[in-house]
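Q: Structure incoming, see below.
The values are calculated or read from the model by the stated rules, or taken from the named source; none is laboratory data. Small disclaimer: the values here were computed from a predicted structure and weren't measured. Methodologically, a virtual Cβ is constructed for each residue, glycine included, from the backbone with ideal geometry; neighbour enumeration extends over all protein chains shown.
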Amino acid sequence: MVIFMNIQWFPGHMAKTKKILTENLKLVDIVLELLDARIPASSKNPEIDNIVKNKPRLILLNKSDLADENVSKEWRKWYNEQGHSCIFVDSIKGKGINEIKAKMREMMKEKLDRERQKGRIFRPIKTMVVGIPNVGKSSFINKIAGKASAVTGDRPGVTKGKQWIRINEEIILLDTPGILWPKFEDEKVGLNLAYTGAIKDEILDTEELAVSLMAKLASTYPKYLSERFKIEVNEEKSGLQLLEEAARKRGCIISKGEIDYSRISAIVLDEFRGGKIGRISLERPDDIN
């Protein structure tokens, strides 16, 4: 299956990203690293650790309302074991926002206390959000700021420049473009990003992607798949067979009874991304150990 033949990784692009982050890193106290709770490993840029280094960091697992709660508990335990603080976030409903603000105050308490002793009483906490495209960065910023401060959209790459945003009297946030992107050394990473919509559908074979997703969900969440599309799911059926059965159930048929693969593929991807199939996590900590 060749889904990613049109995706290329440009070293120059990554170099530009690293330069932007490195230049701005010295301006902030804390880095907020935004990941997709359904795919924490795949949505993490491998260069982030090298760029951020010892700068205080808070890991935010966004779209947590779409992820499997039991798997999310595994991720929380894993991050804690790695020595990282992590907070699960729903940027639409605001889950985790107050916890983030409280955690930043806790992380900066000693430093701010020292600065107050020197007379800098109103010195705000400066933070920066980093994340790959379409991880929900703009929606998160709007929610934490309490207003539409950042441009939002459901397509990758809507943030074009950097801007400072005042969250409250205590916290200001530096927004940067979501131009970080991993090199696809592992096709599973590319697939996970494509399933969740982090890669533009226009450069993908969405029919093959939907077939692949059906096969994955059949092995990991068969009950959800069966209930959503009213089909029988078993190990003997291929992803293509499951997609075709779902198409017939949904009436995705064109002339002479032929299946409208384009339509059913769009439906499957849309319903997965919107959480309509169920709360699904595509990665577990065991996958990266």
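Q: Can we say residue 288 is modelled with pLDDT of 95 or more, closer than 29 Å to residue 79 by Cβ and β-branched (Val, Ile, Thr)?
A: no
Q: Would you be able to say whether some residue in the range 140-154 is among the polar types (S, T, N, Q) and either modelled with pLDDT of 85 or more or closer than 15 Å to residue 200 by Cα (or both)?
A: yes
Q: Mind listing whichever residues of the range 92-128 are assigned to a helix (DSSP H, G or I) and either outside the structural domain of residue 144 (by TED's automatic domain parsing) or of a type in the set (Lys, Arg) (or both)?
A: Listed by number, the residues that qualify are 101, 103, 105, 109, 111, 114, 116.
Rundown of residues vs (1) at pLDDT 95 or above; (2) surrounded by 21 or more Cβ atoms within 10 Å (Cβ to Cβ); (3) more than 15 Å from residue 283 (Cβ to Cβ); (4) in contact with a strand residue (DSSP E or B) (Cβ under 6 Å, 6 or more places away or on another chain), yes/no style:
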| residue | (1), (2), (3), (4) |
| --- | --- |
| 168 | no, no, yes, no |
| 183 | no, no, yes, no |
| 188 | no, no, no, no |
| 194 | no, yes, no, no |
| 215 | yes, no, yes, no |
| 224 | yes, no, yes, no |
| 230 | yes, no, yes, no |
